[in-house]
Amino acid sequence: KIIDPYMNLVYVSKYGVNLNTGIRLNNHSEYGSHLVYNLNPSFKKDLSFGYLKGMASFSTAYITPSLYQLFEPTYGNSDLNPEENTTVEFGFEINIKNKVLFSLAYFKRNETNFIDFVNTGNFVYQYKNIDDTFKASGFEFLADYKFLRYFRINSNATFTKVEESLNLRIPDIKINAALFYEPTDKTTMSLAYQFNDDRRDAVFNSATFTTDDVLLRNYNLFDFYISHKLMDNKLMLFFNMTNIFNENYEELYGYATKGRNVQIGMNINL
């Protein structure tokens, strides 16, 4: 049984001070009650060229154990507690004449009650909560630029620094970018790019009963999309191609990912 009451409050003032805050109490019959909350203040100052905004955030969260971690007959542990974390962020945003938008934010996350696969003695392994506190921090940059009337480009980049013991499948650098072209109000085209840096993964070695480190290589993905509206916007035709260059990559060690994929279709609005 799950009972999950929550409340959210938004305050917007005429002086540029804004506040978004919320609280949630999750009560679960198996792992008990957990309270999470977030506090997001901001201040916006209108200027002659646009505006400048300062932003901050403090939030808490938790991750429940999976059914496998709880109930697997050999390794499961029904006494597991959820992983918990707190995240602090602050940054700023600049808008220039509604054509250029920049933002830069710093974040830091502390995680406790981490669930790990540990040796309890005599080569007996089980999932357990460990006492260590793990930390992750980094920067996120976002830019959006509208130019030449029909073109717009947006991009974001994230740099993340994670403690070695927690560093699983998290790239140091991740970049997304997209170019949009809208020659008319009925036609939209986009070319998207994604880069993921090298990542570390861990694999259990059943021969040595140890965990081996493996390297997931960096990869680049390109996607293309075009759509066109017909019949007074009641019919839209679209073409979508993902992973244009058929990049061979892994997000999780040993699991295949999609190669080039093409979709052609239509949306009908009655």
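Given the alpha-carbon gyration tensor of region 210-250, what are the semi-axes of its equivalent ellipsoid in whole angstrom, ordered largest first, with each equal to the square root of 5 times an eigenvalue?
Working: eigenvalues 319, 23, 7 Å².
Its equivalent ellipsoid spans semi-axes of 40, 11, 6 Å.
Roughly what would the spin-label model give for residue 264 and residue 241, points 7 Å off Cα along C-beta, in nm?
Distance between the two pseudo-spin positions: 1.2 nm.
Distance from a point 7 Å along Cα→Cβ of residue 108 to each backbone N in region 129-158: keep the residues under 12 Å and list them by number.
Only 135-138 fall inside the zone, counting backbone N under 12 Å.
For the charge dipole of region 205-265, defined by +1 on Lys and Arg C-beta atoms and -1 on Asp and Glu C-beta atoms about the Cα centroid, which residue among 259, 221, 237 has the Cα displaced farthest towards the positive pole?
So the residue furthest toward the plus end is 237.
Explain nothing, just compute: Karplus ³J(HN,Hα) = 6.51 cos²θ - 1.76 cosθ + 1.60, θ = phi - 60°, for every residue of region 28-38 in order, whole Hz, x for Gly and Pro.
10, 5, 9, 10, x, 9, 9, 9, 10, 8, 9
Pairs of alpha-carbon atoms within less than 8 angstrom and 6+ residues apart define the contacts here; what relative contact order does the chain have, in percent?
Working: 651 pairs, mean separation 23.0, N = 270.
Reported as a whole number, the value is 9 percent.
Per residue, how large is the accessible surface of the chain? Use a 1.4 angstrom probe and give square angstrom. Display every interim value, and only then the final one.
On the way: 17870 Å² over 270 residues.
I get 66 Å² per residue for the chain.
Return the lysines within reach of residue 234: Cα separation strictly under 18 angstrom, same-chain partners fewer than 8 residues apart disregarded; answer none if there are no such residues.
Within reach: 186.
For region 95-196, build the charge dipole from Cβ charges (+1 Lys, Arg; -1 Asp, Glu) around the Cα centre, then report which of 113, 138, 190 sits farthest towards its positive end.
Value: 190.
Which pairs in the list 53/146; 44/174; 108/258; 229/258; 14/97; 44/99 are over 23 Å apart, alpha-carbon to alpha-carbon?
Numbers: 53/146 20 Å; 44/174 28 Å; 108/258 33 Å; 229/258 29 Å; 14/97 21 Å; 44/99 17 Å.
Checking Cα-Cα distances, 44/174; 108/258; 229/258 exceed 23 Å.
Within region 144-167, what residues put their amide N at less than 14 Å from the label point 7 Å along the Cα-to-Cβ vector of residue 51?
Of the residues in region 144-167, none has backbone N under 14 Å from the label point off residue 51.
Could you state the per residue volume, in Å³, of the convex hull enclosing the Cα atoms of region 193-270? Let's see the in-between values first.
Numbers: hull volume 8.9 nm³, N = 78.
Residue-normalised Cα hull volume stands at 114 Å³.
Once you have all Cα-Cα distances for region 1-127, histogram them in 5 Å bins from zero and send the whole-percent values.
All Cα pairs, binned at 5 Å, distribute as 2, 9, 13, 14, 13, 11, 10, 8, 7, 5, 4, 2, 1, 0, 0 percent.
About the Cα centre of the chain, what is the dipole size in debye to 20, counting +1 per Lys and Arg Cβ and -1 per Asp and Glu Cβ, all else neutral? Each step should come with its number before you reach the end.
On the way: 26 positive and 30 negative charges, 323 e Å.
So the magnitude is around 1560 debye.
So if a site counts as exposed when it's one of the chymotrypsin sites (Phe, Trp or Tyr not before Pro), its DSSP state isn't H, G, I, E or B, and it has at most 11 other Cβ atoms within 10 Å, what's the longest stretch of the chain without one? Present the calculation step by step, with values, prior to reporting the outcome.
Values: sites that count: 15, 49, 123, 209, 245, 255.
Free of exposed loop sites, the longest segment is 124-208.
If you filter region 1-30 for trypsin sites (Lys or Arg not before Pro), then keep DSSP loop positions with at most 13 other Cβ within 10 Å, what is left?
Numbers: sites: 1, 14, 24; in loops: 1, 14.
Within region 1-30, the qualifying trypsin sites (Lys or Arg not before Pro) (loop, at most 13 other Cβ atoms within 10 Å) are 1, 14.
What percentages make up the Cα-Cα pair-distance distribution of region 143-222 when the bins are 5 Å wide from 0?
The distribution over region 143-222 is 3, 12, 17, 15, 13, 10, 9, 7, 6, 4, 2, 1, 0, given as percents.
Å³ per residue of the Cα convex hull, for region 65-199? Walk me through the intermediate numbers first.
Working: hull volume 21.2 nm³, N = 135.
It comes to 157 Å³ per residue, whole-number rounded.
Please calculate the 1.4 Å probe accessible area of residue 258, with all protein chains present, and give it to the nearest 10 Å².
140
From zero outward in steps of 5 Å, how is the percent of C-alpha pairs of region 111-270 spread across the bins?
Spelled out per bin, shortest first, that is 2, 7, 11, 13, 14, 13, 11, 9, 7, 6, 4, 2, 1, 0, 0.
Would you kindly work out the equivalent ellipsoid of the chain from its C-alpha gyration tensor and give its semi-axes, the square roots of five times the eigenvalues, largest first in whole Å? Walk me through the numbers before you get to the answer.
Details: eigenvalues 303, 161, 83 Å².
Result for the chain: semi-axes of 39, 28, 20 Å.
How much length is gained if the chain between residue 185 and residue 63 is pulled fully straight, taking 0.36 nm per residue apart and subtracting their Cα-Cα distance, in nm to one decimal? If you can, show how the numbers build up before the last one.
Details: separation 122, 0.36 × 122 = 43.92 nm, distance 4.30 nm.
Answer, rounded to one decimal: 39.6 nm.
Towards the positive end of the charge dipole of region 1-114, with charges on Cβ (+1 Lys, Arg; -1 Asp, Glu), say which of 11, 29, 65 has the farthest Cα.
Of the candidates, 11 comes out farthest on the positive side.
The values are calculated or read from the model by the stated rules, or taken from the named source; none is laboratory data. Everything quoted here is computed from the prediction, not taken from an experiment. Please note: Cβ atoms are built from the backbone with ideal geometry, for glycine as well, and neighbour counts cover all protein chains shown. Side chains included, ligands, DNA and RNA excluded: accessible areas come from the protein's heavy atoms. Shrake-Rupley method; radii C 1.70, N 1.55, O 1.52, S 1.80 Å.
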